[in-house]
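Everything on this sheet refers to the single structure shown next.
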Amino acid sequence: MIWAVVPAAGSGRRFGAELPKQYALIDGRPLLRWTLERLAAVPQLSGLMVVLAADDPHWPGWDAISGKPLLTAIGGAERADSVLSGLRALPAVVGDNDFVLVHDAARPCVRPDDIERLTRLAGAADGGLLAAPVRDTLKRSTDGRAVEQTVPRSELWRALTPQMFRRGALVRALEGAIAQDRQPTDEAQAIEWAGGRPLLVEGAEDNLKVTTARDLALAEWLLGEAVKRER
Ligand code: CTP
Ligand code: MG
């Protein structure tokens, strides 16, 4: 039994539009809808929990996607608070030891076959995440002006989502982090702090997170290509 938790309670400050980015239209449909359909296309997935801002006036009220149940919860101030709220609100059929996929609403270009591979490989380990090896040469600068050092990239990965962990372990890891006033930037970091070693599963690099308004045009183009590819 695998459910997805989709944090969609952010305000999209860097995107900077009136309408939060998760509702920006891509080919006439809200970005969030694209994300949910790509998740629901994964056969292993049983249902979706979407985490919304408390005062979200834009939520269309979907209660199923591609025949899979969709529930909602109310998010919090930080992404980790929203994810925790979604995990707590999952139905009781999702056991403590069942895996949960956490996926950013703002990543509509994720490929269903990458998610399937993640569920297979991370499910055989103790959880993991989609990630992509760093390709650019990396520079370190403390003053933001001059380079001090080139950082070797061979051991570095970019963390993407989905990230998949056991429901109970992830709840405990996030609660532990929040209790210590530490904000993990992703689920894997909370698990690492709790002593776990999440498995890296290489995924397509075009699983971008729509962050600025310019990312939207790129996401639209990528999804157009994906629709052609999958036809
Ligand atoms: N998110 C959330 N709850 C929060 C903050 C973020 O559910 N308190 C969600 C966002 O809706 C998004 C995902 O987490 O789907 C990744 O966050 P990010 O890309 O940073 O989105 P925002 O926080 O909305 O954007 P910004 O940081 O530019 O304000
Ligand atoms: Mg944010």
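The values are calculated or read from the model by the stated rules, or taken from the named source; none is laboratory data. What you see is a predicted model; the values in this text were computed from it and never measured. Reconstructed Cβ throughout: ideal geometry from the backbone, glycine too, with neighbour counts over all protein chains shown. SASA here: full protein model, heavy atoms, side chains in, ligands and nucleic acids out. Shrake-Rupley method; radii C 1.70, N 1.55, O 1.52, S 1.80 Å.
Using helices alone, what [θ] at 222 nm do you get for the chain, with -39,500 (n - 2.57) per DSSP H run of 4 or more residues, divided over all residues and rounded to the nearest 500?
Values: 6 runs with 71 residues, N = 231.
Calculated mean residue ellipticity at 222 nm is -9500 deg cm²/dmol.
Each label was represented as a point 7 Å from its Cα along the Cα-to-Cβ direction; for Asp56 and Arg140 these points are 4.0 nm apart.
Summary: within the chain, the longest segment free of GluC sites (Glu not before Pro) located in DSSP loops with at most 10 other C-beta atoms within 10 Å is 19-147.
Using only side-chain charges placed at the Cβ, +1 for Lys and Arg and -1 for Asp and Glu, the dipole size of the range 34-113 relative to its Cα centre rounds to 200 debye.
Entry comment: accessible area of the chain is 51 Å² per residue, from protein heavy atoms only and a probe of 1.4 Å.
Of Gln180, Gln163, Gln189, the residue with the greatest mean-square motion in the GNM of the chain, using alpha carbon springs below 10 Å, is Gln180.
Between Ala146, Ala124, Ala177, the Gaussian network model of the chain with springs among Cα atoms under 10 angstrom shows the greatest mean-square fluctuation at Ala146.
When only DSSP loop residues count, what trypsin sites (Lys or Arg not before Pro) in the range 89-136 have their Cβ near at most 16 other Cβ atoms within 10 Å?
Those satisfying the criteria are Arg135.
When +1 charges are put on Lys and Arg Cβ atoms and -1 charges on Asp and Glu Cβ atoms, the dipole computed for the chain relative to its Cα centre reaches about 320 debye.
Treating only the Cβ atoms of Lys and Arg (+1) and Asp and Glu (-1) as charged, compute the dipole magnitude of the range 173-231 about its Cα centre; round to the nearest 20 debye.
Working: 7 positive and 12 negative charges, 31 e Å.
Here the range 173-231 has a charge dipole of around 160 debye.
Orientation-averaged projection of the chain equals 13.8 nm² [convex hull of Cα atoms, one quarter of hull surface area].
In the chain, the DSSP beta bridges split such that about 45 percent are antiparallel, to the nearest 5. Projecting the Cα atoms of Ala173, Ala219, Gly127 onto the charge dipole of the chain, computed from C-beta unit charges around the Cα centre, puts Ala219 farthest toward the positive end.
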